[in-house]
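Trainee: I'd like to ask you about the structure that follows.
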């Protein structure tokens, strides 16, 4: 089994000194992917904010994934897109972004949604929330059995999300999460220190 990796999700505020914070986080320890997640701004402004962050990720070979917006992902040449359940299908995203794009789908705590996403060509499925999250309201509670079930049957990687910290992540790794998606734990503190703490847990 491959080692579990870190998948950072941006805070909603990515202007100001955030590019410097992203550099600190990515230089602290290995990170597999960064998801650009902004809400309520037009595509032109989103593209402007994404540009420096995308460059920082590219320099460090970190996948740059756009949250929810296939059109923005295509416009800026992102490495992929992450789709919520209301954001269209993985199949449609694949047609727009091409076969090399990384397409992820939020599947909450649903085995059915995850299998559907896999059938539609998703590159990874995201399960959660595993813990109460400071970033968004927890509507769906996922259990460790979901990760174990998925790993036992499917080749497609799975991402665990929701309230994950260095202190509580070990059971998720043991249950078979391929990636830990984290936001609040990293950006709510000293990003370099927290990323290093995650890296130590992931090394086991």
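Trainee: Just the projected area, averaged over all directions, of the convex hull on the alpha carbon atoms of segment 100-204: how many nm²?
Mentor: Mean projected area of the Cα convex hull: 6.9 nm².
Trainee: Same structure, new question: Given R₀ = 41 Å, what would the calculated FRET efficiency be for residue 58 paired with residue 155, taking r from the Cβ atoms and rounding to 0.05? Please list the in-between numbers first.
Mentor: Values: r = 27 Å, r/R0 = 0.67.
The computed FRET efficiency comes out at 0.90.
Trainee: Okay, moving on. Which distance in Å, rounded to a whole number, links the C-alpha centroids of segment 182-204 and segment 78-133?
Mentor: Segment 182-204 and segment 78-133 have Cα centres separated by 24 Å.
Trainee: Relative to the present Cα-Cα distance, how much length would full extension add between residue 75 and residue 144 at 0.36 nm per residue of separation?
Mentor: Details: separation 69, 0.36 × 69 = 24.84 nm, distance 3.70 nm.
Gain on extension, residue 75 to residue 144, equals 21.1 nm.
Trainee: Using helices alone, I'd like the mean residue ellipticity at 222 nm for the chain: each DSSP H run of four-plus residues gives -39500 (n - 2.57), total over residue count, nearest 500.
Mentor: -12000 deg cm²/dmol
Trainee: Further, regarding this structure: For segment 37-127, just say rounded, prolate or oblate: build the C-alpha gyration tensor, square-root its eigenvalues into a ≥ b ≥ c, call rounded for a/c under 1.5, and beyond that prolate if a/b exceeds b/c, oblate if not.
Mentor: Because a/c hits 1.5 or more and a/b exceeds b/c, segment 37-127 counts as prolate.
Trainee: Here is a follow-up. Which of 73, 55, 129 moves the most in a Gaussian network model of the chain with Cα springs under 10 Å?
Mentor: Maximum among the listed residues: 55.
Trainee: Can you compute the FRET efficiency between residue 39 and residue 95 using 1/(1 + (r/R0)^6), with r the Cβ-Cβ distance and R0 = 30 Å? Round to the nearest 0.05.
Mentor: Result of the calculation: an efficiency of 0.75.
Trainee: With the convex hull built on the Cα atoms of the chain, state its orientation-averaged projected area in nm².
Mentor: For the Cα atoms of the chain, the hull's average projected area reads 10.3 nm².
Trainee: Sticking with this structure for a sec: When the convex hull of the Cα atoms of segment 122-171 is projected onto a plane and the area is averaged over all directions, what value comes out in nm²?
Mentor: So the Cα hull casts an average projection of 3.9 nm².
Values in this text are rule-based calculations from the coordinates and carry no lab data. For clarity, every value in this text was computed on a predicted model and none was experimentally measured. Here the Cβ is made from the backbone with ideal geometry for all residues, glycine too, and neighbour counts use every protein chain on show.
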